[in-house]
Amino acid sequence: MRSERPQWALLALVVRRNWRVALAWSLAFALVVLSTISGYVAAYPHAPERLRLAADLARSGGLQAVFGRAHEIGTVAGFTAWRTAAVLPLVAGVWGLLAATRTLRGEEEAGRAEQVLAGALTPLRAAATAIAGLLACAAVVWLGATLALLLDGGLVYGFPLGGTLYLALCLVLPAPLFMAVGALAGELAATRRLAVTIGAAVFGASFVLRVAADSTAALGWLHWLTPLGWVEEMRPLAQNRAPGLILIVLACAVLFGAALVLAGRRDIGAGVLASATEAQPALRLLGSPTALALRNARGGMLGWALGLGAAGLMFGLIAHSVAQIAATSSGLRQTASRWGAVNIATAEGYLGLAFLFVAVAACVYGATQVGATREEESSGRLDTLLCTPVRRSSWLAGRLLVACACVAAAVLSAAVLGWAGAAAQGSHVPLARMLQAALDAFSPAVLFIGVGTLLFALAPRVCATLTLGLVAGTFLLELVGAAVKAPPWLLEVSPFHHLSLAPAAALDGPTTVALLALAVAAASAGVWLFGRRDLAGA
């Protein structure tokens, strides 16, 4: 029994480092499921309207290329399966890839894996234990999606139990699948950055092949060449097909197995792929604490910029098609109007509503920047830095500047690529209005960074969790409050309620300035209070 204790301790450590993010995604998955069901029922309450929607989607090749082939969307269950399976598996895959590379290669690159392996654990058992912890966190996300589907879809709208569980599994399966990709990439590469690059290339190729397979029936066979195509071929709540599930399980087994074999054979710190060990050390961005923060954050900034840029491009490409469908659906227009006075029957109106979700993603990214600031302190790296002639206030102010720059790059990428996608489909949305949409999404994200900084000074050990909770809670307030027509004073609490929804409307300058002023006030208070408290370890 004594020899098993290090393994259980490592398992608990992996779960403890990942469960908060997993819980946040679990809540996000549940919210998406609930909002999809309620939105569909509100927009299409009668069978003729649902059949007309199904016919419109069948004629829209652009929508099906982006969201996948639709099956039986004339029902609440069929539409829920199609709409959620178009987005959530992508999110699960990206999260799984990043979590695996951070937990496996990232810990090794930071030198903490050597401390683990100095005990009774072998590299093979340590890697297997870490993978088990990651899979446990993926199960947390699955639980959130399952509960939402059972409580709303199953109890209210009569979704079949087997199909409901199968849909929840479909939504989350890309997480363990791309965890396996990330685990193997971490064994091949000698650095986490290279491992993420390899995994991102696999994910990107998978998505491109899936889009190509759905662009025309003649290329449908490409589904069997991409993991994201296997997810679509599961067809939950429609046919519940097994071949896609079998392929995903086999791929996970093969990839995890290969990663474990390599983990047991290679030296600690090494990678299978040759690395340039004789290269000159990279000394760029080491001249100041702010530059160092930018150096550490640039990989995540690039990933978020590419992710939100891809989302913006997708929104732009389908804006014209969605507007055409909304023009013939009064229910869809009425549902969209709950989140602002926008006319979704125009490309600008749809993009304005879509950028509400870009703003939510930007706020989540800002909350992760607060977590990164806290990690500098909890890991002990800040102690070393403050032994040099660096003031606490200047260090934290530099971190805030980098966090804001990272969010600005992400939302700007979404706006520019969204404009390009809309222009490619003949929707003449002014670039200036799309840049206003970027600023509209930027202001609440900066507000949460400021509030998170204040929480970092007051309650450092829980600041990241509280900041993510505020993002989720205020968005839930806006989402549910708009649906149930909550009192205006209650909706005013949510920063998302004050968005202008550009490019559908002109940017509300005074409101944007007010949000930014609140962010500066909260951040300034946080910097002042941080200079007057002791450093807090993990």
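The values are calculated or read from the model by the stated rules, or taken from the named source; none is laboratory data. Since the structure is predicted, the reported quantities are computational estimates derived from the model, not experimental observations. No Cβ is skipped: glycine too gets one built from the backbone with ideal geometry, and neighbour counts run over all protein chains shown. For the accessible areas, the whole protein counts, side chains as well, though only heavy atoms, and no ligand, DNA or RNA atoms are used. Shrake-Rupley method; radii C 1.70, N 1.55, O 1.52, S 1.80 Å.
When Val94 is tested against (1) modelled with pLDDT of 75 or more; (2) crowded, with 21+ Cβ neighbours inside 10 Å, just one condition goes unmet, and that condition is (2).
For segment 419-439, filtering for residues that are in a helix (DSSP H, G or I) and either among the hydrophobic types (A, V, I, L, M, F, W, C) or open to solvent by less than 10 Å² (accessible area, probe 1.4 Å) (or both) leaves 13.
Would segment 275-294 turn up any residue that is of a type in the set (Val, Ile, Thr), at pLDDT below 65, surrounded by fewer than 16 Cβ atoms within 10 Å (Cβ to Cβ) and more than 30 Å from Val416 (Cβ to Cβ)? Looking for residues that are of a type in the set (Val, Ile, Thr), at pLDDT below 65, surrounded by fewer than 16 Cβ atoms within 10 Å (Cβ to Cβ) and more than 30 Å from Val416 (Cβ to Cβ), one finds at least one in segment 275-294, hence yes. The residues of segment 213-244 that are of a type in the set (Gly, Ala, Ser) and surrounded by fewer than 17 Cβ atoms within 10 Å (Cβ to Cβ), listed by number, are Ser215, Ala217, Ala218, Gly220, Ala242.
Total residues in segment 173-195 satisfying the condition of being farther than 22 Å from Val261 by Cβ and open to solvent by less than 10 Å² (accessible area, probe 1.4 Å): the figure is 2.
Suppose the filter is among the aromatic types (Phe, Trp, Tyr) and in contact with a helix residue (DSSP H, G or I) (Cβ under 7 Å, 6 or more places away or on another chain); does Phe357 pass it? Here the answer is no, as Phe357 does not meet what is asked.
Thr511 meets the conditions (1) at pLDDT 80 or above; (2) buried (at least 18 other Cβ atoms within 10 Å of the Cβ) in every case but one. The failed one is (2). Residue pairs whose Cβ atoms lie under 6 Å apart, separated by 6 or more positions or on different chains, with the first residue in segment 287-302 and within 16 Å of Leu382 (Cβ to Cβ) and the second among the charged types (D, E, K, R) and surrounded by 14 or more Cβ atoms within 10 Å (Cβ to Cβ), are Ala293/Arg399. Among the residues making up segment 372-418, those that are open to solvent by less than 20 Å² (accessible area, probe 1.4 Å) and not hydrophobic (A, V, I, L, M, F, W, C) are Thr373, Glu377, Gly398, Gly418. Residues in segment 476-498 that are open to solvent by 20 Å² or more (accessible area, probe 1.4 Å), closer than 20 Å to Val32 by Cβ and at pLDDT 80 or above: His497 only. Answer yes if at least one residue in segment 196-208 is out of contact with any strand residue (DSSP E or B) (no Cβ under 7 Å at 6 or more places or on another chain), outside any helix (DSSP H, G or I), open to solvent by 50 Å² or more (accessible area, probe 1.4 Å) and more than 25 Å from Ala126 (Cβ to Cβ), and no otherwise. Looking through segment 196-208, none of the residues is out of contact with any strand residue (DSSP E or B) (no Cβ under 7 Å at 6 or more places or on another chain), outside any helix (DSSP H, G or I), open to solvent by 50 Å² or more (accessible area, probe 1.4 Å) and more than 25 Å from Ala126 (Cβ to Cβ).
Scanning segment 514-538 for residues that are under 27 Å from the mean Cα position of the chain (by Cα) and open to solvent by 20 Å² or more (accessible area, probe 1.4 Å) yields Leu516, Leu518, Val520, Ala538.
Screening segment 444-531 for helices (runs of 4 or more DSSP H) wholly inside it with 2 or more residues that are under 16 Å from Arg399 (Cα atoms) returns the ranges 463-484, 509-530.
When you check Leu455 against the structure, is it out of contact with any strand residue (DSSP E or B) (no Cβ under 9 Å at 6 or more places or on another chain), surrounded by fewer than 23 Cβ atoms within 10 Å (Cβ to Cβ), farther than 25 Å from Thr346 by Cα and touching a residue at least 40 places away in the same chain (Cβ under 8 Å), yes or no? Yes.
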